[in-house]
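Presented below is the structure to which this report refers.
The values are calculated or read from the model by the stated rules, or taken from the named source; none is laboratory data. Values in this document were obtained by computation on a predicted structure and should not be read as measured data. So basically every Cβ, Gly included, is an ideal-geometry build from the backbone, and we count neighbours across all protein chains shown.
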Amino acid sequence: MIGFRKALANRQWKATTLVCVGLDPLIEKLPACMTGRGMVEANDVEEWMVEIVDTTAPFACMFKPQIAHWEAIPDGVVALKSVISHIHNNYDIPVFLDCKRGDIARTQQQYRKACLDELGADGMNFSPYMGKDCMAALVDKEKPGRALVGLCYTSNPDAREVQDAVLADGRQYWEFIADRTLSWAKALGVVQDAGLVMAAAYEQTKGSGKIHSKHLRLCRQIVNDDLWFLIPGVGAQKGFVAETVSAAYAGPGSIAINSSSEINFASSGEDFAEAAGKKAMELRDTINNTVSSLTVL
């Protein structure tokens, strides 16, 4: 069995895409054609997301369900497990669970069992705030090749207050986390599939026209190509694609650019699935066509 990053790279080569499709259902966003059946149930959400999977799969290198969106729905986790099984049974596309778990070793082991063993995801992200245990307890030597991705530089503006804090040695906190995550991954023997959450390039001050991508370039200097980047912030969050790819891309399997809301909620009508597929295709084409100076794949 090949590891996550190799599977991701293979899919990117095969489909010529860097698009990660987030699967983040919201009951209030359920398409109108599904709301006339009475009380909304997990089966309705499952059907909705499966149709989105099927129309976006040609343009996806990876699927990323956000677990809170499923946990908030009665029986939603059961539906999520079915959707993950559907992807595995029909496509050669890895599934990454966005769950951001981080706790003491004993508890983190339970998160590993719940997220990877029970739900069947091929990888997950974690919060590194409680130290090396947060990563170490997710490693299962009997089941190698899973992606373990640490939160590092996230796309929400409030994160700057914490992640950009300057340490005594002059580094920002996120730089320290990038270095530590790489060190942990090497020590644990999982560096080949480990990664970091790194926000897309963004406009530093709204309306300024100044695009900030330094964090991506600097992180590549810190970790080289040893870690792959899961990149949120494109789509509804208005991240800048060309600057992101130029700063972060280091060959197939090095980045995956996520879009969730813009794809999931592209339409609330009967064309919801087709609209989602169109949005995924448009993002794929934007990534592949706007960076003329860079061979993306």
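Considering P94, P25, the condition of being within 30 Å of A178 (Cα to Cα) and touching a residue at least 60 places away in the same chain (Cβ under 8 Å) is satisfied by P94 alone. Scanning segment 58-67 for residues being touching a strand residue (DSSP E or B) at 6+ places or on another chain (Cβ under 8 Å) and part of a helix (DSSP H, G or I) gives a total of 2. For Q66, the criteria (1) buried (at least 21 other Cβ atoms within 10 Å of the Cβ); (2) in contact (Cβ under 8 Å) with a residue 60 or more places away in the chain hold in every case but one, which is (1).
The set of residues in segment 84-116 that are over 19 Å from the mean Cα position of the chain (by Cα) and part of a helix (DSSP H, G or I) comprises N89, N90, A105, R106, T107, Q108, Q109, Q110, K113.
For the condition surrounded by fewer than 22 Cβ atoms within 10 Å (Cβ to Cβ) and free of Cβ contacts under 8 Å to residues at least 24 places away in the same chain, E47 qualifies. Flag set for K81, criterion: in a helix (DSSP H, G or I), more than 18 Å from F272 (Cα to Cα), out of contact with any Cys (no Cβ under 6 Å at 6 or more places or on another chain) and not polar (S, T, N, Q). May I ask you to verify whether D169 is of a type outside the set (V, I, T), farther than 21 Å from A114 by Cα and either at pLDDT 95 or above or part of a strand (DSSP E or B) (or both)? Yes: the conditions hold for D169.
I'd like to verify a number: residues in segment 129-166 that are in a helix (DSSP H, G or I) and among the basic types (K, R), how many?
Going residue by residue through segment 129-166, those that are in a helix (DSSP H, G or I) are 133-136, 159-163.
Narrowing further to those that are among the basic types (K, R): 160.
Looking only at that region, the number is 1.
Of all residues in segment 248-275 being hydrophobic (A, V, I, L, M, F, W, C) and surrounded by fewer than 24 Cβ atoms within 10 Å (Cβ to Cβ), which is nearest to G150 (Cα to Cα)?
By that ranking, first place goes to A248.
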